[in-house]
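These notes concern the structure reproduced below.
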Amino acid sequence: MSDPKSAHGSSAGVGHETTDFAMRPVVVGAIFLVALSAFAFVAMRWLFVVYDLREQQAYPPQSALAAQQERQLPPEPRLQARPVADLQDWRAKEENTLSSYAWVDAKQGVVRVPIARAMELLAANPPPARAGDGGAK
């Protein structure tokens, strides 16, 4: 058997290969990436300052009179903050309207009756047929 040291052409002790990896390009690349990142950070910071100054020039601060006015709500229709609760409230009001008695116009004798009672009254006393309807089909 031959000696493993002589098979690789090295008579030195156990170590690492010095010719396969060049450290200098890796270090230069890392320094380049750090410098590029720092440049990008400084450039973005400068852009934010420039844009902030432009914004302040385009929209000057409010006058004292405008600052004193209360915040006004936009016109209807507005977004609902609680859509589920609003729908439940609306349905409860509609159910109350459909199931209760109330005066609509007391002077003319118009009343509101529950819908179930109104259907019973119409079934018991159907309205007369109008002329020109041609009768029931």
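Every read-out reported here was derived from the displayed coordinates using simple, explicitly stated rules and does not represent laboratory data. Small disclaimer: the values here were computed from a predicted structure and weren't measured. Here Cβ is always computed from backbone atoms with ideal geometry, including for glycine, and neighbour counts include all displayed protein chains.
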The number of residues in segment 86-137 that are of a type in the set (A, V, I, L, M, F, W, C), in contact with a Phe, Trp or Tyr (Cβ under 9 Å, 6 or more places away or on another chain) and surrounded by 10 or more Cβ atoms within 10 Å (Cβ to Cβ) is 2
Residues that are part of a helix (DSSP H, G or I) and either surrounded by 10 or more Cβ atoms within 10 Å (Cβ to Cβ) or out of contact with any Cys (no Cβ under 7 Å at 6 or more places or on another chain) (or both): does segment 68-82 have at least one?
yes
